[in-house]
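Only one structure is covered here, and it is reproduced in the block below.
The values are calculated or read from the model by the stated rules, or taken from the named source; none is laboratory data. Because the structure is a prediction, the values reported are computed rather than measured. Positions of Cβ are backbone-derived with ideal geometry, glycine not excepted, and every protein chain shown enters the neighbour counts.
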Amino acid sequence: MAEIFNYLAIGFMLWMCMDCIQRREHFVWIIIIILLPPVGAVAYFFAIKNRASSAASSTGGTIIPFGKPEKKEVETEETLQLKELIKKYQKAYHYEKLGQVYVEQNNYESAIANFEEAIQRDPEMLEARYGLAKCLHGLERYDEASTVLEKLTSLDKKYDYGNAIFGLAECYRLGGNDEKALAAYGEVINSFHFFKAYYHYARLLDKSGKKQEAIDNMKSIVGSAKDLPDYKLEKERFWIDEAYKYLRKNGIELA
């Protein structure tokens, strides 16, 4: 039993180390994870990873931001510290972190300026591109958000476990670019199992005159629901119900 626990702990530590590298978090976290097993990995999970991914997971696979945008810039101890570090070192990392703080304040305009500065200094900083896309999406600037996400997904198609490419599909749809949205949703459902993506893909098929394909995809949503564990079923319930509604509206009753 102890041996199994050790293997699980090592696996979890490696996962957190890889996540830390991907997010470009401070190298101190790597040291903490390695020198304080498994407490360091658990601390990283709750301090960084869980907080960073909570917004995406709560919306079921999309980049929709966290609240209504506000213009007011709220200074906190964290923003003041980051501004002081920026003044001293002019690092992309600090600009990106300040942008994330402003996103949490729903201050998208201030966040955008910092994300753009971070990208200017480090074009490979994917976290900054993703944060910029979230802000543009939150301001309903869908075409601009699409452009940012196109570049991001060209660098990493699976960024944020598929949420980036899904966000691109959403921005195309909300921006009225149905053809590109249909293609992007197709990429999402080929690799990831977001029921919301399946649903909107089917609705776009219907809109383009492909009624039977749309019906087949809605049936696929309902059929797949039968194999879901309870926690996943609860999370996807809304889109399953919407698929049922679509099918009933088109005269199809399922047992």
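Summary of values
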read-out	value
Within the stretch 202-255, tally of residues that are over 23 Å from the mean Cα position of the chain (by Cα) and of a type in the set (A, V, I, L, M)	10
In the stretch 34-62, the residues that are in contact with a Gly (Cβ under 9 Å, 6 or more places away or on another chain) and either over 26 Å from residue 200 (Cα atoms) or at pLDDT 55 or above (or both)	34
Subset tally (residues that are closer than 21 Å to residue 227 by Cα and in a helix (DSSP H, G or I)) for the stretch 184-199	9
Single match in 111, 145 (criterion: surrounded by 24 or more Cβ atoms within 10 Å (Cβ to Cβ) and out of contact with any Phe, Trp or Tyr (no Cβ under 6 Å at 6 or more places or on another chain))	145
